[in-house]
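What follows is one structure encoded as structure tokens, with my remarks underneath.
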Amino acid sequence: MEVTDVLRLRVILDDVNAERLILPSRPETVNALIIEIKNKLNLAYDFRLQFQDPEFDNALCNLVNIEDLPSKATIKIVRYLEPDLSSTSTDDTLLSDNTDSLDRLCRWPEIYVIPTFSYEVEHALREGNYAFVKEGKTLSLTRDQKHNILDGMAAEIYKHKAYPSTKNILMAAEALVSKHPCLKEKGSGTGYEGWKNSLRFKMGNYRTKLSRAGIKDVAVNAGKRSRTYPEGAASRAKIKRPRRGEINFMPNYPQGETKDTLENLRLEMVEQFKKTVTDRDMIIIHQHMQRTFALRREEIVNSAPPIAELKEDGLHSFVKPNSTVNSTGSPIKIYRIPSMLHLTSTHLSC
């Protein structure tokens, strides 16, 4: 692909509007290009970009790498809008997920990043690392300092996994002593065996704390066998946890919502799908699908209903994308209804 400094772009704004745009130099990233387009065309909304890929007969593809964009190209703006019942949108408008969720957004990283601890602890670690490099001395932590480190590590681990594996815990402990060598343990073959054990127990305590606070993806496993509930299932029996690659396994309800209010939204979607295709309000349907995601996940995780029952209860989730023809005679997508993936899995990111 020929790469020149000048970019000549045809920018498709919607089905009936397009602008010609010439940039004297190629932006370094896709985000930089988006900023340039916003400034040049005075666009106040957020969007992503697609481009006509010459390697696929000019079919539209998402623009991920700026190097993929030819020096003379047609790009299309795909808008992101905050859910607003009074707003209108083009066929390919995407709505952001307004679920007020505080749940995990990233999978386990290849390189574990140690969080920042309290000011006091960070100061002690900085001085301890200097002494370790200069004299080989390890740092003796106070009880409060160690608790602060373990609390910070547990919160960071939970962002990725509520139930980390032994390998994950080992990776976090190794990263901790790699960044702060003054925390290495004398007499330990690895230097972090004790930290691994401490983190494992801390994660158990952290999940208990979150469960009592009502965090659903750990509260779902509460009520196991204990001294006060000896007839319960074994604590490690049938633990409900995300499968590999899943995030937001069982999010809490959006702020201000209850099971009853979310069920009402689901019924509104059912009513929408009783209408003809042209009369359905697809924006409302998409908003409600996003809003009721936590309710559907709760039903699936807790009850594990058969697929046939899910289809009968949520027929609207299985509607196939519709298409039509625009003024140029080319087929265009009207809208893509969230598929069964929204019922049985979760959004993947990072």
A careful count of residues in the stretch 269-279 that are open to solvent by 50 Å² or more (accessible area, probe 1.4 Å) and either outside any helix (DSSP H, G or I) or at positive phi (or both) gives 3
Scanning the stretch 1-23 for residues that are modelled with pLDDT of 90 or more and over 20 Å from Leu60 (Cα atoms) gives Ile22, Leu23
Lys137 passes all but one of the listed conditions (1) surrounded by 15 or more Cβ atoms within 10 Å (Cβ to Cβ); (2) in contact with a Cys (Cβ under 9 Å, 6 or more places away or on another chain); the exception is number (1)
>> Within the stretch 199-214, does at least one residue satisfy the condition of being closer than 30 Å to His123 by Cα, open to solvent by less than 50 Å² (accessible area, probe 1.4 Å), modelled with pLDDT of 80 or more and polar (S, T, N, Q)?
In response: no
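The values are calculated or read from the model by the stated rules, or taken from the named source; none is laboratory data. The model shown is predicted, which means the values in this text are computed figures rather than measured ones. Cβ atoms come from the backbone with ideal geometry, glycine included; neighbour counts cover every protein chain shown. Areas reflect the complete protein model, heavy atoms only, side chains present, ligands, DNA and RNA absent. Shrake-Rupley method; radii C 1.70, N 1.55, O 1.52, S 1.80 Å.
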